[in-house]
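The structure appears right after this line, and notes come after that.
Since every read-out is calculated from the coordinates, none of them should be taken as a lab result. Keep in mind that this is a model prediction, so the values were computed, not measured. Every residue, glycine as well, gets a Cβ built from its backbone with ideal geometry; the counts of neighbours run over all protein chains shown.
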Amino acid sequence: MIEIDLSGRVAVVTGGSSGIGLATAELFLQAGASVAICGRDGERLARADALLRDNFPDAQLLAARCNVLDDCDVADFAQAVSARFGHADMLINNAGQGRVSTFADTNDDAWREELNLKYFSIIRPTRAFLPMLRNTAEPTITCVNSLLALQPEPHMVATSSARAGVLSLVKSLATELAPQRIRVNSILIGIVESGQWRRRYEAQAQPGESWDDWMIALARKKSIPLGRFGRPEEAAQALFYLATPLSSYTTGSHIDVSGGVARHV
Ligand code: NDP
């Protein structure tokens with residue numbers, strides 16, 4: 001792995017209390033960056049804070065409760081980052097979750113909720129952190145998106161549609177912010193091991209069936225060429241690349257982290 005020293009840099013990871021966000025926070029701490037994470041559930045956040053401090057006793061770490069869909073929460077979070085670190089260099093828009101429903105099962109409220117989540121989980125933190133990003137040397141915004149943006153699934157109709165819109169939003173932001181030297185990119189993930197998949201395993205596995213066996217069977221059923229789910233740290237590594245000067249000539253782009261599921265050339 002290429003060594004990169006991010007001491008003095010500040011990474012802000014929304015939804016950093018679990019899964020991909022937590023793995024991303026770990027990577028940035030490993031590289032010497034200061035890190036701010038947020039989430040809604042205070043207990044989950046406290047557990048993540050304790051884990052990161054155990055692993056990185058000297059961590060410059062801020063863990064704040066914040067719902068990224070709430071303007072006041074996001075403004076308070078940005079204010080807390082400014083007060084603690086003075087600036088922010090890298091914003092990782094990761095907070096969120098998917099919605100499993102077909103067109104027949106998705107009512108207007110569900111559509112609004114899903115579109116609101118997917119768009120405003122990016123719009124609100126981006127707007128709040130832009131003033132700080134503008135004042136740093138190599139600012140970046142990196143978003144977690146899904147391969148559903150390019151390859152929609154009928155059983156996730158609202159999520160797929162919103163993901164396609166987010167891909168366009170990332171491109172527009174990249175173009176508008178390029179003159180301000182702010183690079184904007186995203187990752188398109190397939191299935192990554194996370195709390196939601198663990199819960200499905202617990203609900204659906206046959207008695208005695210291990211997580212690995214269940215996951216590999218599902219990966220086969222879903223025709224994932226690499227034959228398994230992704231791990232949070234694998235998504236985190238792609239985010240890290242796009243957020244840091246390792247990708248200094250890349251903007252408005254995305255990295256596929258789907259284990260080969262994408263069917264297009
Ligand atoms: P996790 O459930 O493990 O983590 C989600 C994180 O986001 C948690 O920290 C959660 O904390 C936080 N979060 C969710 N909603 C909000 C909110 N409104 N405001 C602030 N924080 C929030 O899931 P993953 O790590 O798997 O997911 C990370 C991202 O990747 C999500 O955007 C998800 O949609 C996306 N994704 C994941 C896939 C997968 O297979 N795992 C596939 C495609 C996309 P809390 O609930 O306490 O707020």
Proximal lysines to LYS171, defined as alpha-carbon separation beneath 17 angstrom and excluding residues fewer than eight positions away on the same chain
LYS118
As a test of the formula, what do you get for the chain when each DSSP H run with n ≥ 4 contributes -39,500 (n - 2.57) and the sum is divided by the residue count, at 222 nm and rounded to the nearest 500 deg cm²/dmol?
-15000 deg cm²/dmol
Let me know the longest stretch in the chain that avoids all GluC sites (Glu not before Pro) found in a DSSP loop with at most 13 other C-beta atoms within 10 Å.
4-208
Using Cα atoms only, what is the angle between the long axis of helix 108-134 and the major principal axis of the chain, expressed in degrees (0 to 90) to the nearest 10?
30
Taking a quarter of the surface of the Cα convex hull of the range 110-162, what do you get in nm²?
4.3
Where does helix 19-30 land angle-wise versus the long Cα axis of the chain, in degrees 0 to 90, nearest 10?
40
Are there trypsin sites (Lys or Arg not before Pro) in the range 97-181 that DSSP puts in a loop and that have at most 16 other Cβ atoms within 10 Å, and which ones?
ARG181
Under 8 Å for C-alpha pairs, at least 6 residues apart: give me the relative contact order for the chain, rounded to a whole percent.
19
The range 69-118 and the range 208-265 have their Cα centres apart by a whole-number Å value of 22
In whole Å, largest first, what are the principal axis extents of the Cα atoms in the chain?
50, 39, 36
What is the dipole size for the chain, taken about its Cα centre, with +1 at each Lys and Arg Cβ and -1 at each Asp and Glu Cβ, in debye to the nearest 20?
460
Which of the listed residues, GLY8, LEU169, GLY96, is farthest toward the dipole's positive end in the chain, when Lys, Arg count +1 and Asp, Glu count -1 at the beta-carbon?
LEU169
Lone cysteines in the chain, going by a 4.7 Å Cβ-Cβ cut-off?
CYS72, CYS143
If amide H atoms are modeled at 1.01 Å from N in the peptide plane, then the residues at a separation of 5 or more from ALA36, or on another chain, having amide H under 5 Å from its own are ALA11, VAL12, VAL13, LEU62
Hey, what did the range 1-48 get for relative contact order, percent, Cα under 8 Å, at least 6 apart?
43
In terms of the ratio Rg/(2.2 N^0.38 Å) built on C-alpha atoms, what value belongs to the range 114-233?
1.31
Quick one: angle between helix 232-243 and the longest Cα principal axis of the chain, in degrees between 0 and 90, rounded to 10, please.
40
Determine Rg/Rh for the range 36-169; Rg is computed over alpha-carbon atoms and Rh is the Kirkwood hydrodynamic estimate from the same atoms.
1.02
Using a 10 Å Cβ count of at most 12 others and DSSP loop calls, identify the longest part of the chain lacking such chymotrypsin sites (Phe, Trp or Tyr not before Pro).
104-248
